[in-house]
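The values are calculated or read from the model by the stated rules, or taken from the named source; none is laboratory data. Since we're looking at a predicted model, the values are computed, not measured. Glycine gets a Cβ as well: all are built from the backbone with ideal geometry, and neighbour counts include every protein chain shown.
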Amino acid sequence: MNTIQNAVGKMTNYRWTICAMLFFATTVNYLDRQVLSLTWKDFIAPEFHWTDAHYGDITAIFSLVYAIANLFAGRFIDWMGTKKGYLWAIAVWSLGACLHALCGWATEHVVGIHNAAEMISATGAIASTIAITSVYFFIAARIVLAVGEAGNFPAAIKVTAEYFPKKDRAFATSIFNAGSTIGALIAPVSIPPLARYFQSVGIGNGWEMAFIVIGGLGFIWMGLWMFMYKKPEGNPRVNAAELAYINLDKQTEQPAQDAAAPKKEERKMSLWECLKYPQAWAVAVGKFMTDGVWWFFLFWTPAYISDVYGFSSDSGTAQLLIFVLYAITMLSIYGGKLPTIIINKTGLNPYAARMRAMFIFALFPLLALFAQPLGEYSYWFPIIIIGIAGAAHQSWSANIYSVGSDMFPNSAVATIIGLGGMAGGIGSYLINKGSGMLFTYAAGTTIVDGQEVEMTKALLAQGAEYAQPAMQFMGFEGKPAGYFIIFCICAVAYLIGWCIMKILVPKYKPIVID
């Protein structure tokens, strides 16, 4: 870098401004994603008579649509380009976030009920109709959100590949990927109080305005992106020294005799062409095995705190627990730096350094095996363990994204990231769908007024008819038993994923196209 600066002049640092924009987009992305998980248990479920299975279905379908949309989003970003493609992505997901606010009104209109109070007081068949109808409307809004959000990471990784040399990409990715942690950090201290405030002033049931306010942030970001982003070679804020640094890989990898040759535009790779390479499958498997772990923590931790420890999402204790959890995950920002340190100290190629770092990160989630047992002593133990596992995941994620951009040419990066996102979404669908079913089953059920409800909600009901006992597993009973099973799955997912990736791509082998 010093040689470049001496030869061309002092370097600008506009690439970090672009990285900051990616960070804010990812923050908004995760805020939009978190509104439902932080309002459903205490605001939405009582109004629409949801069970864990209903919520699990909604999150599972979101994950499945997100998975499918990722595949097309990657191709869309490669075709449309990063500037326009990113604008379309955030416009769609911001619209989807705001559409959630209409689900209550739509349910009232279809069922023939006039307000939220009537829905809350409904029983029997009417309550079941409300639950099913509202779930369909929320699924529809969630589909729009998923389609838009699928474009975030393919676009962000492609922008990173455009603005950073390979040795800095994992660090840049870890910085913008920290937006997911910041979004998750801000969410518990802003969304439930926001919903409670609007509920107290009589604007709907409160949760509706939470979706609208948070969803509107994306439209603000769009205005900034339109004026701030251009490709580095055409950006007046990027001087010759910074451009030379950005193109460092091209200078070192291109044969000297070709340095003066006219630059040809890279040929685009089709998805089917990408699938011929084990490098593509390695990224897909790594994402499939691990993305669901992060999404489980993201979607279910507020419910876990409520179900197992009895703290509502807008209580001070619950907000503190979730805040601390995601504050711990901020350690992941150093995860993107570790491969650079390994490269500088050992001289390993980027892939070998990333795989060594990812193996280290894969060991930390094993602590999740002890989350539920230690939770018997204090709720702080599982929160701290989940935070450490979350930090390890984000570090892993930053590096697996960079594996894709290391192996494939820039023209195919978004497609590969989209493929990985699809695989991760499928894994997320399975864990969210399975979790909802497992937790509902684990809680046990009773019959109240002719309707099957969770035993935890019916224990106080007079004369409730016994139906199914709570599940028992490894000394735990009810929902704690269900959470223990899922924690065990989360604990071993990374080591399994790492082993399969290493088998598929044992050594660094970048893809070269004609």
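Per-structure values
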quantity	calculated
Filter result for residue 35 (surrounded by 23 or more Cβ atoms within 10 Å (Cβ to Cβ) and touching a His at 6+ places or on another chain (Cβ under 9 Å))	yes
Single residue of 102, 95 found to be over 30 Å from residue 227 (Cβ atoms) and at pLDDT 90 or above	102
Failed criterion for residue 479 (all others in (1) touching a residue at least 24 places away in the same chain (Cβ under 8 Å); (2) under 26 Å from residue 355 (Cβ atoms) hold)	(2)
Residue 236 being at pLDDT 85 or above and part of a loop (DSSP other than H, G, I, E, B)	yes
Filter result for the condition that a residue is buried (at least 21 other Cβ atoms within 10 Å of the Cβ), at pLDDT below 90 and of a type in the set (Phe, Trp, Tyr), over 40, 79	40
Any hit, the range 150-172, residues being out of contact with any strand residue (DSSP E or B) (no Cβ under 7 Å at 6 or more places or on another chain), in a helix (DSSP H, G or I) and within 16 Å of residue 97 (Cβ to Cβ)	yes
Criterion: closer than 30 Å to residue 46 by Cα and of a type in the set (Ser, Thr, Tyr) - qualifying residue of 346, 329, 340, 301	301
Pick from the range 7-24, criterion within 17 Å of the chain's Cα centre (by Cα) and surrounded by fewer than 24 Cβ atoms within 10 Å (Cβ to Cβ), ranking: nearest to residue 212 (Cα to Cα)	24
Residue tally, condition in contact with a Ser or Thr (Cβ under 8 Å, 6 or more places away or on another chain) and farther than 23 Å from residue 290 by Cβ, over the range 320-371	0
